[in-house]
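Asks: Just dropping this structure here.
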Amino acid sequence: MLLSVIIPTFNCTERIEKIVESIASITMCKKEIIIIDDGSVDASKNFLKTIERKNKQVKIIFNNHNGVGASRNMGVLTAQGDYITFIDDDDRIYPEAYSKMIEQAKLRPSLDVISTSINVSNDHDMVIYSGKNMLKNMILSVLQVNTKSLNTSEYPSGPIAKLFKRKILIENKILFPTDIFNGEDLIFNCHVLLHSKKVQLLKNQVYEYI
């Protein structure tokens, strides 16, 4: 299994190097780390080139300043992995938790999405959901609407802390909208769920938003 890790960045700090080190420490699968520089205007370019030279798994793409959605899209279209995950350049990840997601993807290759959240209830932990009604409930969770099956925080609206099957994104041409600046994550997740057949929820803290 190959995991594509997409990291958009703009005027990055040294924190991005720690993310790369964390991802590199995961031994559950092969990885490609795609970093898209969104037109940085500081010394980021040289710093990123240094990271690329130090780690053969890293690929740097330099882009014009078109926004995070456009950068993520470029990563999706460049990626070659079986699954894709998104990480922001100034946050923190937990490699052990990522390993648990990867383990599930390897055990169950029919999964389209694996989503983690510390807010997943014990009843939903490790459960695989399929069928239009359940996926509709997940969409409502993305839209911050509680249902009898899911609450609003179990399937978060952002693309982080998830593994997405790349085939689903490419075959259905699912990308982030680039003409809006708030809520593009929510739209992306809704499109993914509409085209997914199997989604697994894991109760875990895989990601720390900083």
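Asks: Which far-off residues, 5 or more places away or on another chain, put their amide H under 5 Å from the one on TYR129, with H placed in the peptide plane?
Replies: VAL199, GLN200, LEU201
Asks: Please state, as a whole number in µm²/s, the translational diffusion coefficient that the Stokes-Einstein equation yields for region 20-121 at 4 °C and 1.567 mPa s, with Rh defined as the Kirkwood radius across alpha carbon pairs. Don't skip to the answer; put the middle values down first.
Replies: Details: Rh = 15.1 Å.
Answer from the Stokes-Einstein relation: 86 µm²/s.
Asks: Express in whole angstrom the spacing between the alpha-carbon centres of region 133-210 and region 1-51.
Replies: If we compute the Cα centre of each part, the gap is 23 Å.
Asks: Compare GLY158, GLY67, GLY183 in a GNM of the chain, Cα atoms joined below 10 Å, and give the one with the largest fluctuation.
Replies: GLY183
Asks: Just the accessible area per residue of region 51-124, please: how many Å² with a 1.4 Å probe?
Replies: Accessible surface, normalised per residue, equals 47 Å².
Asks: Next question. Using modelled amide H (1.01 Å from N, peptide plane; none on Pro or chain starts), what sits under 5 Å from the amide H of LEU2, excluding residues fewer than 5 places away?
Replies: Those qualifying (amide H under 5 Å, at least 5 residues apart or on another chain) are ASP82, TYR83.
Asks: Another question, then. Relative contact order (percent) for the chain, with alpha-carbon contacts under 8 angstrom and 6 or more residues of separation? Walk me through the numbers before you get to the answer.
Replies: Values: 423 pairs, mean separation 54.3, N = 210.
Rounded, it is 26 percent for the chain.
Asks: Follow-up question, since we're still on this one. What is the set of long-range amide H partners of VAL120 at a cut-off below 5 Å, with H atoms built 1.01 Å from backbone N?
Replies: Under 5 Å from the amide H of VAL120: ASN204.
Asks: Let me ask something else about it. For region 9-133, with all protein chains present and a 1.4 Å probe, just round the carbon and sulfur fraction of the accessible area to a whole percent. Mind dumping the intermediate values first?
Replies: Working: 3010 of 6260 Å².
Carbon plus sulfur share of accessible area: 48 percent.
Asks: Could you give each residue of region 47-59 its phi-based ³J(HN,Hα) in whole Hz, using Karplus coefficients 6.51, -1.76, 1.60 with θ = phi - 60°, and x for Gly or Pro?
Replies: 4, 5, 4, 5, 4, 4, 5, 7, 9, 5, 7, 8, 10
Asks: Taking the chain as the reference, fit the longest principal axis to its C-alpha atoms, fit the long axis of helix 184-194 to the helix C-alpha atoms, and give the angle between the two in degrees, 0 to 90, nearest 10.
Replies: For helix 184-194, the angle is close to 50 degrees.
Asks: Moving to a separate point now. Just check region 109-185 against the gyration tensor rule for me: Cα atoms, a ≥ b ≥ c as the square roots of the eigenvalues, rounded for a/c under 1.5, and otherwise prolate or oblate depending on whether a/b exceeds b/c. Could the numbers behind the result be given before it?
Replies: Details: a/c = 1.78, a/b = 1.27, b/c = 1.40.
In terms of gyration-tensor shape, oblate.
Asks: Take CYS190 and ASP42, extend 7 Å from each Cα along the Cα→Cβ direction, and tell me the distance between the two endpoints in nm.
Replies: 3.5
Asks: What per residue convex hull volume, in Å³, do the alpha-carbon atoms of the chain yield?
Replies: Values: hull volume 22.7 nm³, N = 210.
Looking at the chain, the number lands at 108 Å³ per residue.
Asks: Under 10 Å, Cα contacts only: if you run a Gaussian network model on the chain, which one of ASP185, ASP123, ASP88 comes out with the highest mean-square fluctuation?
Replies: Taking springs between Cα atoms under 10 Å, the residue moving most is ASP123.
The values are calculated or read from the model by the stated rules, or taken from the named source; none is laboratory data. It should be emphasised that the depicted structure is a prediction, and the values quoted were computed from it without experimental measurement. For neighbour counting, all protein chains shown are included, and Cβ atoms are generated from backbone atoms with ideal geometry for every residue, glycine included. Ligands, DNA and RNA are excluded from the accessible area calculation, which covers all protein heavy atoms including side chains. Shrake-Rupley method; radii C 1.70, N 1.55, O 1.52, S 1.80 Å.
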